[in-house]
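Nothing in this text is a laboratory measurement; each read-out follows from the coordinates by a stated rule. None of the values given here were measured: they were computed from a predicted structure. Note that each Cβ is placed from the backbone with ideal geometry, even for glycine, and that neighbours are counted across all protein chains shown.
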Amino acid sequence: MFSVPCPARLAPSRLLRGLPHRLALLVCLLVVAGAAHAAWFKDEAAIMGTRVAVELWHEDPAAARAAMDAVLTEMRRIDAAMSPLRTDSELARLNREAARHPVEVSAELYDLIARAQRFSRLSDGAFDITFASVGHLYDFRRGIAPDAAQIAAALPGIDYHQVILEDGHRIRFARPEVVVDLGGIAKGHAVDRAIALLQARGIREALVSAGGDSRILGDHHGRPWTIGIRDPYREKGSAVVLPLSNTALSTSGDYERFFMRDGVRFHHILSPRTGRPVHGTRSVTILGPDATTTDALSTTVFVLGAEAGLALIESLPGIEAVLIDDQGRLHFTRGLAPPTTP
Ligand code: ADP
Ligand code: MG
């Protein structure tokens with residue numbers, strides 16, 4: 001995913017129509033003075049194993065700075081709680097202890113796992129945070145994959161029914177093999193939290209992204225943002241360009257984290273049924289109202305493939321999808337596809 005901002009516009013003249021001449025001049029000066037520093041502000045940082053970026057429109061550079069700092073601090077807080085890599089994260093403690101006894105977790109983690117479970121039920125297990133029971137045996141950076149015996153031993157741990165949510169924000173695992181990882185949903189959640197923080201500060205135009213998960217608040221000063229979906233068949237360039245405002249969007253691709261062995265691409269989106277990377281799809285982009293939803297659904301549709309995946313999205317109001325398959329074909333949901341001539 002990449003974004004190309006459109007040029008800004010200011011239209012004070014509309015404000016002035018119908019005002020007495022002197023008053024109009026005063027208002028005009030105030031508008032110009034007030035807008036003197038209004039600009040797009042941008043910052044980015046490496047958080048959650050990816051690039052986090054925030055862009056926002058503000059009149060006050062100090063307030064813009066404070067808002068961007070608040071977003072990055074929030075992203076770091078979520079990473080500290082939900083990272084599967086940090087041994088001191090809340091998620092790591094859950095994974096260590098929940099097969100032995102129910103673990104009380106924060107309302108935030110409990111609610112996100114509950115949302116993940118709903119996507120599992122919706123997709124009949126294509127989306128499953130317990131994929132990690134096998135998934136943690138892969139190391140895509142070092143080119144390590146489990147062998148057939150290791151997969152067979154760990155596979156009983158992939159089953160979202162084994163994650164049991166109890167009252168009092170307590171979670172337990174019904175089997176000792178279960179390992180949970182929120183890599184398919186946590187970045188979307190972090191983007192939604194960031195947008196909520198910006199809204200609470202009165203900001204009405206912004207774009208926040210964490211890797212392939214983004215959300216646009218408002219538009220780009222009167223125009224839509226121009227968002228490109230990366231072409232998985234080329235190093236650079238986009239396969240599709242969409243004008244977008246007020247939406248969340250997430251892309252899952254097989255080119256994000258992978259290694260090649262004997263001509264086979266080992267990448268980070270696994271079939272919960274086999275514990276192996278899913279083939280047939282190269283990239284899925286989902287558009288929807290919030291980034292938690294689009295993040296989970298981009299992973300879900302990647303696993304389901306073009307036919308079942310797009311059928312699922314067609315059944316969900318307000319959600320659209322673009323899928324690029326391993327034959328280089330583009331698939332769209334009906335809300336995005338260009339009208340066909342009879
Ligand atoms: P990213 O933004 O990290 O590229 P995606 O939204 O494309 O993430 O989802 C891929 C991530 O989701 C993987 O890195 C892994 O953490 C997690 N994942 C992989 N397979 C599944 C699955 N079947 N169900 C849920 N999560 C998965
Ligand atoms: Mg996703």
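Structural remarks
- Qualifying residue in the stretch 168-186 (condition: assigned to a strand (DSSP E or B), of a type in the set (Lys, Arg) and surrounded by fewer than 24 Cβ atoms within 10 Å (Cβ to Cβ)): yes
- Residue under evaluation Arg273, criteria (1) on the phi > 0 side of the Ramachandran plot; (2) over 18 Å from the mean Cα position of the chain (by Cα); (3) surrounded by fewer than 22 Cβ atoms within 10 Å (Cβ to Cβ), criterion not met: (1)
- Taken over the stretch 84-109, the criterion of being within 27 Å of Asp139 (Cα to Cα), away from ligand 2 (no atom under 16 Å from the Cβ) and not charged (D, E, K, R) is satisfied by Leu85, Thr87, Ser89, Leu91, Ala92, Leu94, Asn95, Ala98, Ala99, Leu109.
- Close pairs (6 angstrom Cβ cut-off, 6 or more residues apart or separate chains): at negative phi and touching a residue at least 60 places away in the same chain (Cβ under 8 Å) in the stretch 313-339, of a type outside the set (A, V, I, L, M, F, W, C) and part of a loop (DSSP other than H, G, I, E, B) anywhere: Ile324/Pro232
- Among (1) of a type outside the set (Val, Ile, Thr); (2) touching a residue at least 12 places away in the same chain (Cβ under 8 Å); (3) more than 13 Å from ligand 1 (Cβ to nearest atom), the one test that Arg86 misses: (2)
- For the stretch 296-324, the set of residues classified as outside any helix (DSSP H, G or I) and away from ligand 1 (no atom under 16 Å from the Cβ) consists of Ser315, Leu316, Pro317, Gly318, Glu320, listed by residue number.
- Residue identified as part of a loop (DSSP other than H, G, I, E, B), surrounded by fewer than 18 Cβ atoms within 10 Å (Cβ to Cβ) and among the charged types (D, E, K, R) among Asp88, Asp111: Asp88
- Within the stretch 46-66, tally of residues that are more than 12 Å from Val191 (Cβ to Cβ) and within 20 Å of the chain's Cα centre (by Cα): 5
- Qualifying residue in the stretch 197-219 (condition: buried (at least 23 other Cβ atoms within 10 Å of the Cβ), among the charged types (D, E, K, R) and touching a residue at least 24 places away in the same chain (Cβ under 8 Å)): yes
- Hey, Leu56 on the phi < 0 side of the Ramachandran plot and assigned to a loop (DSSP other than H, G, I, E, B) or not: no
- Selection from the stretch 116-140 of residues that are over 21 Å from Arg100 (Cα atoms), more than 21 Å from the chain's Cα centre (by Cα) and in contact (Cβ under 8 Å) with a residue 40 or more places away in the chain: Tyr138
- Within the stretch 275-307, the only residue that satisfies the criterion of being free of Cβ contacts under 8 Å to residues at least 24 places away in the same chain and more than 16 Å from ligand 2 (Cβ to nearest atom) is Glu307.
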